[in-house]
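*Asks:* The structure's right below; bear with me while I get my questions together.
The values are calculated or read from the model by the stated rules, or taken from the named source; none is laboratory data. It should be emphasised that the depicted structure is a prediction, and the values quoted were computed from it without experimental measurement. Here the Cβ positions follow ideal geometry from the backbone for every residue, glycine too, while neighbour counts run over all protein chains shown.
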Amino acid sequence: MRGDRLLSILLLLQAHRRMTARALAERMEVSERTIYRDVEALGRAGVPVYTERGPNGGCGLIDNYRTNLTGMTEMEIRTLSMAGASKQLADLGLDKALDGALIKMLAAMPTAFARDAERSRQRFHLDSAAWSQSNEEVPHLRDIQTALWEDRELCIRYRRDDGKLVERVVHPLGLVAKGSIWYCIADAEGQRRTYRVSRMQAAEVLATNFTRPPDFDLPSHWATSCAEFKAKIPRHAVRVRISPRGFRHLPSGLTTEWPATGGPEWHEMTLTFEAWDEARNALMSLGAEVEVLEPVELRQSIQEMAAEIIAFYASKQRADAEDATTLVPQLA
């Protein structure tokens with residue numbers, strides 16, 4: 001384990017040139033004292049590493065020093081070999097770059113490792129697309145990507161939720177793929193906003209550069225945004241009495257559990273929905289396997305819709321019977 005840690009510290013310092021002992025300790029999940037001992041061990045092994053004590057101290061490598069070692073473990077190689085080109089990488093134009101990188105990685109490996117990586121690739125395939133998820137057209141994704149890399153302003157025409165088309169000059173900060181849906185996080189008019197890329201009707205990379213906020217962290221921002229979005233989603237509680245068969249056919253995503261007592265009996269439970277229409281449609285699909293107890297308004301709505309359905313088919317049946325009665329004399 002210590003050998004892996006020493007190599008990880010070396011590669012981190014090679015990537016960042018200089019890091020504090022605290023930062024290294026957090027990454028390695030060890031104490032700062034352990035980091036200093038590891039750095040001393042690297043120095044004894046001939047690595048030109050140095051440490052500086054004090055508030056602004058840290059660990060670093062002498063300029064221009066690089067190692068060709070990758071230090072990749074067998075499990076890391078297997079994991080990388082499973083990372084086939086996804087739709088998201090294809091959207092960014094990076095699918096061929098990933099394929100090329102994997103080919104070069106395999107070529108540089110010892111034969112035994114390369115064979116193991118190929119075995120992993122042939123045995124595991126990750127497909128992140130949902131069955132019912134449709135792919136959105138994102139013709140302006142490459143322009144956003146260019147603006148992101150070069151910290152340049154972007155002029156967009158965007159269709160809002162209400163259908164209105166607006167034009168904005170934004171400072172793009174990051175792209176996020178949520179499933180197959182792309183979002184662009186950008187600063188616009190003094191606010192940080194999230195734009196759905198498929199709604200961009202036009203995008204033009206401007207010549208003007210902007211200063212990227214130094215404290216912006218894309219993963220942290222996205223996690224916070226998702227949490228805030230979920231907290232704002234309406235929650236409607238519905239009290240039901242449901243059979244075991246009905247419970248098994250509940251739509252996925254309803255967070256509830258069958259009572260521990262189990263058995264074939266019907267049970268009362270509370271289900272949570274984002275909208276009343278969603279609740280009515282989902283519960284009606286279960287037919288006589290569920291009874292809505294509360295709220296009374298939803299129970300009445302289901303009764304009314306069921307009555308409309310019965311009346312509709314009854315009228316169709318009468319019309320078909322009348323047509324058949326009219327047809328018989330003509331045939332005679």
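*Asks:* Looking at region 183-205, which of its residues are exposed (fewer than 13 other Cβ atoms within 10 Å of the Cβ) and more than 19 Å from Asp161 (Cα to Cα)?
*Replies:* Correct list: Gly190 only.
*Asks:* Which residue is nearest to Asn135 (Cα to Cα), if the candidates are limited to region 86-95 and must be at pLDDT below 75 and assigned to a helix (DSSP H, G or I)?
*Replies:* The selected residue is Lys87.
*Asks:* Keeping to region 143-167, report how many residues are outside any strand (DSSP E or B) and either touching a strand residue (DSSP E or B) at 6+ places or on another chain (Cβ under 7 Å) or over 17 Å from Glu189 (Cβ atoms) (or both).
*Replies:* So the count comes out to 13.
*Asks:* Tally up the residues in region 26-40 that are touching a helix residue (DSSP H, G or I) at 6+ places or on another chain (Cβ under 8 Å) and under 14 Å from Gly60 (Cα atoms), please.
*Replies:* 4
*Asks:* If you don't mind, there's one more thing I want to ask. Identify the single condition in (1) modelled with pLDDT of 90 or more; (2) loosely packed, with under 12 Cβ neighbours inside 10 Å; (3) under 30 Å from Asn281 (Cα atoms) that Phe229 does not satisfy, given that it satisfies every other one.
*Replies:* (1)
*Asks:* Also: From the list Arg142, Arg119, which one is in contact with a Gly (Cβ under 8 Å, 6 or more places away or on another chain), more than 24 Å from Asp217 (Cβ to Cβ) and modelled with pLDDT of 70 or more?
*Replies:* Arg142
*Asks:* Would you mind stating whether Trp266 is at pLDDT below 90 and surrounded by 15 or more Cβ atoms within 10 Å (Cβ to Cβ)?
*Replies:* Working: at pLDDT below 90: yes; surrounded by 15 or more Cβ atoms within 10 Å (Cβ to Cβ): yes.
Here the answer is yes, as Trp266 does meet what is asked.
*Asks:* Scan region 2-44 residue by residue and report those that are closer than 14 Å to Tyr65 by Cβ and without any contact (Cβ under 8 Å) to a residue 12 or more places away in the chain.
*Replies:* The answer is Ala15, His16, Gly43.
*Asks:* Determine whether Arg245 is of a type in the set (Lys, Arg) and within 30 Å of Leu286 (Cβ to Cβ). Don't jump to the end; show me each part of the working.
*Replies:* Values: of a type in the set (Lys, Arg): yes; within 30 Å of Leu286 (Cβ to Cβ): yes.
When the stated conditions are applied, Arg245 passes them.
*Asks:* Given Leu218, Leu175, which one is more than 16 Å from Leu154 (Cβ to Cβ) and either aliphatic (A, V, I, L, M) or surrounded by 14 or more Cβ atoms within 10 Å (Cβ to Cβ) (or both)?
*Replies:* That would be Leu218, the only listed residue that is more than 16 Å from Leu154 (Cβ to Cβ) and either aliphatic (A, V, I, L, M) or surrounded by 14 or more Cβ atoms within 10 Å (Cβ to Cβ) (or both).
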